[in-house]
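Step one of this worksheet: look at the structure below.
The values are calculated or read from the model by the stated rules, or taken from the named source; none is laboratory data. None of the values given here were measured: they were computed from a predicted structure. Note that each Cβ is placed from the backbone with ideal geometry, even for glycine, and that neighbours are counted across all protein chains shown.
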């Protein structure tokens, strides 16, 4: 029998944080690319992101269905994972002429940078495992 205490909250690894250079356009005082600080999140936080990106769509006969906007979900997931720079900082938002962390992220990054950050955030939060790899692992 295994030791159940391995799974107790106090024994679980806390949030994973890492630095990631999202863009070479943002440089520190020495001219080096400024890394962003990213963190992993809990499934509870992920559900909040998903809930915030879910809209009720009116269908036939007046029935409503829930639909997740994948672009909005990704933006919320990314902003929740970015620790630095502080995307909720009003001065930073004002400098780009936007209000809100998601709007700021979309305004300050180029499309490729936005996609790169999205991929890194997904990997940091455990979304990087391919479903086929999981099936193979379970088989073995």
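In table form, for the structure just shown:
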quantity: Subset of segment 55-69 [within 20 Å of residue 125 (Cα to Cα) and either at pLDDT below 90 or surrounded by 14 or more Cβ atoms within 10 Å (Cβ to Cβ) (or both)]; calculated: 68
quantity: Test: residue 81 is in contact with a strand residue (DSSP E or B) (Cβ under 6 Å, 6 or more places away or on another chain), within 20 Å of residue 26 (Cα to Cα) and at pLDDT 95 or above; calculated: yes
quantity: Conditions (1) free of Cβ contacts under 8 Å to residues at least 60 places away in the same chain; (2) in a helix (DSSP H, G or I); (3) under 13 Å from the mean Cα position of the chain (by Cα); (4) surrounded by 13 or more Cβ atoms within 10 Å (Cβ to Cβ): number failed by residue 37; calculated: (2)
quantity: Candidate set from segment 19-33 (those that are within 20 Å of the chain's Cα centre (by Cα) and not in a loop (DSSP other than H, G, I, E, B)); member that is nearest to residue 114 (Cα to Cα); calculated: 20
quantity: Among (1) surrounded by 16 or more Cβ atoms within 10 Å (Cβ to Cβ); (2) not in a helix (DSSP H, G or I) - the single one residue 102 does not satisfy; calculated: (2)
